[in-house]
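The values are calculated or read from the model by the stated rules, or taken from the named source; none is laboratory data. No experiment lies behind these values; they were computed from the predicted model shown. We place every Cβ from the backbone using ideal geometry, glycine too, and count neighbours over all the protein chains shown. For the accessible areas, the whole protein counts, side chains as well, though only heavy atoms, and no ligand, DNA or RNA atoms are used. Shrake-Rupley method; radii C 1.70, N 1.55, O 1.52, S 1.80 Å.
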Amino acid sequence: MSGACYLGIDVGTQSLTAILVEAQPAEGELENRASRIAARVSVHYDTELPQYGTVNGQLPNEDPAIGRVPPCMWLEALDLAFRKLGTGACREISGVSVSGQQHGSVYLRPEAEAVLQSLAPQQGLAGQIEPHLSRAEAPIWTDSSTTRECEEIRRELGGATATAELTGSDTFERFTGSQIRRFARTEPDAWARTAHVCLVSSFVTSVLAGRLAAIDHGDGSGMNLLDVRRLEWSEAAMAATAAGLRRRLPPTCAPWTVVGSIAPYFVSRYGLPASAKVVAGSGDNPCSLVGVGVREPGEAVLSLGTSDTYFGLLKDVAVDPEANGHVFIAPSGHPMSLICFRNGSLAREAVRDRYGLDWPGFDAALRATPPGNDGMMMLPWFEPEIVPRVARPHVHRLGGLRDEPEQAARNCRAVVEGQFLSMRFNSAWMATQPRRLVATGGGSRNRELLQIAADVLDCRVESLEVTDGAALGAALRATGQRLPPLPPVGERGPAAEPRPEASAIYDAMMPRYAEAQRRAAG
Ligand code: XUL
């Protein structure tokens, strides 16, 4: 390999993925774009580490609200990933960084710091670190058992909007603050034994660096503990969360901070150069922004998957007055917004199946119907919705739209238009009209869908085939640059330009959509 190589490790929900990227230096500087992906390995928890008994990456529990993982499984996956990479690739690594599923937390006993500094390369990580966890299971983002704690913290901080103004988000069950509060309340002895609270990203970073790592502003902003304007832990939020939290939290740091050199464990065991740098870990959503090459305010990502997410860079912190959205800190230090719509492809598939169509049939229906659907509209809440918060699923059909086979095509258009009208309405608080939207995920291959997105959102939409965006983003962040290199050019899919006549129709529809949402969601 001729360029320097950087490793990104994404500790995801179902698997751990490591990507080695080669970046060509140009006149002593890194080029603006990484040249190629040199290696990729992945460890699927359920099938490759079956001894942990996870299902879809988490421990089964009779209470569906509980989502937990044994942190040792991530450590074993890390060892396995380095083994799969092999010493040939490991020898080339100049920098490493971690992307972690956001919000999950790991709890360590006081002596853990010394243990991290002296890991023996003859034994695996899990066995050496396990005795020094003060909690055997880590709550992850799928956990929704902390409604009581969310209410308590929110009340203490002066309500939903005040909480969002301070920490970037209202309290949410999966966010780390309410998880810490529940742990301290339900397991006070284990909490008393805890000296260090880590996030998934900072825990794995600490292991790689052989020392307790700071929490970066990006992942820290998913905790309801970071003051997102001052970029430091909020005294009020810590006090509202748990007694003695201050001394258990590590410092915060900018996402591009070098936390140290790689621990001797990885040098001896896998052959990494002792000079390889470890850059602060961050959350998977901030890392994904880098992985798809978004780095200027005015660019946003439209991820059309099981659920649809819309996230992008903001010029300044702007908070959702309805308290449905989140403000995180992006790897460049800019604020980034994120909203998540649960009824994404789930709702599109429900309509497709309802009328016995396949995807080409669904597309044909979109082509056969006019922008604006002659006033017919749908609020497609087939499942409970996150944005806006809708607890009881209900599909609303308006403007003469009915659930009958003669209106199959109308329903196809209505579900898609309803989704993008919702995205436009519910992202208005971000106060940034995007110049460019990058669509990823299964839905981004559908040209008609992209055209409706471009027309409703009045913005060019490009689709990009990106798999492992978070791991790729972590690899690019491992260069330690505030503006990491752009990813290697990926496979491009269809693109769509907004059409002024169609956009004007959607402009005119917005007040009706807003009123319909207000009435239906309350
Ligand atoms: C974001 C969220 C998930 C996790 C896991 O708030 O909960 O996207 O980051 O990927």
TODO: Take the Cα radius of gyration of segment 294-360 and divide it by 2.2 N^0.38 Å, with N its residue count; two decimals is plenty.
DONE: 1.41
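Viscosity 1.567 mPa s, temperature 4 °C: give me the Stokes-Einstein translational D for segment 140-180 in µm²/s, with Rh taken as the Kirkwood radius over C-alpha pairs.
Values: Rh = 9.9 Å.
Taking Rh from Cα pairs, D becomes 131 µm²/s.
Working with all protein chains in place, sort Asp468, Asp10, Asp219 by solvent-accessible area computed with a 1.4 Å probe, largest first. Could the numbers behind the result be given before it?
On the way: Asp468 45, Asp10 25, Asp219 0 Å².
Largest to smallest exposure gives the sequence Asp468, Asp10, Asp219.
Accessible area, 1.4 Å probe, largest first: how do Asp284, Asp320 sort? Walk me through the numbers on the way to the answer.
Values: Asp284 40, Asp320 10 Å².
Largest accessible area first, the residues go Asp284, Asp320.
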TODO: Just tell me, in residue order, which DSSP H segments of the chain are both 18 angstrom or longer along the helix axis (alpha-carbon based) and at least -1.0 in mean Kyte-Doolittle hydropathy.
DONE: 71-90, 408-426, 500-521
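From the P(r) of the chain, can you give the percent of Cα pairs sitting at distances over 46 Å?
On the way: 16171 of 135981 pairs.
Of the Cα pairs, 12 percent sit more than 46 Å apart.
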Task: Listed peptides 344-352, 160-168, 287-295, 500-508 by packing density, highest first (mean Cβ within 10 Å) - done: 287-295, 160-168, 344-352, 500-508
Open item on the list: Rounded to the nearest percent, how much of the accessible area of segment 1-131 (1.4 Å probe, protein heavy atoms only) is carbon and sulfur?
Closed with: 46
Task: Mean ellipticity per residue at 222 nm, deg cm²/dmol - from DSSP H runs of n ≥ 4 across the chain, formula -39500 (n - 2.57) - done: -10500 deg cm²/dmol
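Counting DSSP beta bridges with both partners in segment 5-110, what percentage is antiparallel, nearest 5?
Values: 18 of 25 bridges.
Among the beta bridges of segment 5-110, antiparallel pairing accounts for roughly 70 percent.
Accessible area of segment 240-330 with a 1.4 Å probe: how many percent of it is carbon plus sulfur? Working shown, then result.
Working: 1410 of 2790 Å².
Here carbon and sulfur together make up 51 percent of the probe-accessible area.
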- [ ] Tally the DSSP beta bridges in the chain and give the antiparallel ones as a percent, rounded to 5.
- [x] 70
Task: More than 17 Å apart - percent of Cα-Cα pairs taken over segment 275-426 - done: 66
Open item on the list: Given all pairs of different Cα atoms, what value in angstroms does the Kirkwood hydrodynamic radius of segment 243-301 take?
Closed with: 14.5
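Using packing as a proxy for protection, rank 40-50, 77-87, 262-272 so that the peptide with the highest average count of other Cβ atoms within 10 Å comes first. Numbers along the way, then the final one.
Values: 40-50: 16.9, 77-87: 18.7, 262-272: 21.0.
The peptides rank, most packed first, as 262-272, 77-87, 40-50.
With every protein chain present, what is the per residue accessible area of segment 61-206 (1.4 Å probe, Å²)?
Value returned for segment 61-206: 35 Å² of accessible area per residue.
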Open item on the list: Accessible area of segment 411-522 with a 1.4 Å probe: how many percent of it is carbon plus sulfur?
Closed with: 51
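Heavy-atom accessible area per residue, segment 386-431, 1.4 Å probe: how many Å²?
On the way: 1980 Å² over 46 residues.
Per-residue accessible area for segment 386-431 comes out at 43 Å².
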Open item on the list: Report the Cα-based extents of segment 374-522 along its three principal axes, largest first, to the nearest Å.
Closed with: 55, 33, 30
